[in-house]
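Report on the following structure.
What follows draws every value from the coordinates through simple rules; no lab data is involved. Bear in mind that the values here come from a model prediction, so they are computed numbers and not experimental data. So basically every Cβ, Gly included, is an ideal-geometry build from the backbone, and we count neighbours across all protein chains shown.
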Amino acid sequence: MQRGKQSIIFKEGPYLISSASVVGKKEGEGPLGELFDIIEETDLFGEDSWEEAESTMQKEACQIALGKAGLKPEDIRLTFGGDLLRQGIVTSMGARQFEIPLFGLYGACSTSGEALALGAMCVGAGYGEYMLAVTSSHFACAEKEFRFPLGYASQRPLSAQWTVTGSGAFIIGADGAQKKSRVKITGITTGKIIDYGLKDSQNMGACMAPAACDTIWQHLKDFGRQPEDYDRIITGDLGYVGQSILFDLMRKKDIDIKKMHMDCGMQIFDQSTQDTHAGGSGCGCAATTLSAYILPKIESGEWKRVLFVPTGALMSTVSYNEGASVPGIAHAIVLEHA
């Protein structure tokens, strides 16, 4: 199954059996609002804290994905899940009721790609028939953890992105025909940590763009493909600033992806009417956009092959306060119409 330096190709590709998306009010007011499974009117989701609200989002997304697949928690062999908060506490609290063996992950905003890759690898290797991949983020939780409590009313620079309040869950299975799946995972490229020495946590697009460039370039090299072999090359949340940098970096490698590139952070919000500055970000950004918008395009056959590349800025409150740089990482998943 090994392909090139960093990639895997699946001869009998695992399938995306089902998916679910749960988002907050602001996301529901954006361009993709009609496509999400659940839009909550208040971002507390009926809970007493932001963190509990995010756990509830994850729980709801998992329940919907299981329901769509006609599966019960006991049918799932492993869960791969993660979020942005310390010790992955949101995932721990959100997944506990299902009593499914859990691998907790942290890839920042690239966590959906990491979870899908590991789930696909386990299904492809025969370690279980069904795997669950789930990620989430919450605007208020992220601001509280990584930047400033909302009560400070601090001014956001134009390069800043708006953390998506949302959760996406996916069931990965071995038998696509049995569950009538139309989306197959045919390959993955695991990203490397790329650090250009940038220290501005309010400009994550710039921090993540070099990692996106490296993974896309390595993927094309490993698979012997050109950008034109994909209907879309979709990054997770580079936003408007990061996209421009990605195009420049790719051109230096003599690769032009402008025609087929799309960014989830630029799709989920309307820059002209919603005050989100450089676009969306967070674990929930790529995950909910994949579930609500991208997968239906592949299922219908409108897009035959897509390279899904969630991106992450690998920082913590400790590293930021100590003046460390913000490395980036990106994982690539090949999704094809079955």
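The Rg/Rh ratio of the range 183-337, with Rg taken over Cα atoms and Rh as the Kirkwood radius over Cα pairs, comes to 0.96.
In terms of other Cβ atoms within 10 Å, VAL164, VAL241 run from fewest to most in the order VAL241, VAL164. The residue among CYS264, CYS213, ALA61 whose Cα reaches farthest toward the positive pole of the charge dipole of the chain, with charges on the beta-carbon of Lys, Arg, Asp and Glu, is CYS213.
Length available on full extension from ARG96 to SER201: 0.36 nm per residue minus the Cα-Cα distance, which gives 34.6 nm. Cβ crowding within 10 Å ranks THR56, THR42, THR288, THR276 as THR42, THR56, THR276, THR288, fewest other Cβ atoms first. When the alpha carbon gyration tensor of the range 275-322 is reduced to an equivalent ellipsoid, its three semi-axes come out at 30, 12, 8 angstrom, largest first. Can you pick out the pairs among LYS68/LYS259; LYS5/LYS304; LYS72/LYS304; LYS68/LYS192; LYS11/LYS304 whose Cα atoms lie more than 27 Å from each other? LYS68/LYS259; LYS72/LYS304; LYS68/LYS192, as the Cα separations exceed 27 Å there.
In the range 2-173, a dipole from Cβ-located charges (positive for Lys and Arg, negative for Asp and Glu) runs towards its positive end, and of THR111, GLY70, THR163 it is THR111 whose Cα lies farthest in that direction. Straight-line cross-link partners of LYS25 among the aspartates and glutamates, defined as a Cα under 14 Å from its Cα and at least 8 positions apart when in the same chain: GLU34, ASP37, GLU40, GLU41, ASP43, GLU54, ASP270, ASP275.
Shown for LEU85, LEU335: other C-beta atoms within 10 Å of each C-beta, ranked fewest to most, produce the order LEU85, LEU335. Take each peptide in 260-266, 125-131, count the other Cβ atoms within 10 Å of every residue, and average; sorted highest first, the result is 260-266, 125-131.
Each Lys or Arg adds one and each Asp or Glu subtracts one; over the other residues with Cβ under 11 Å from the Cβ of ALA95, this totals 0.
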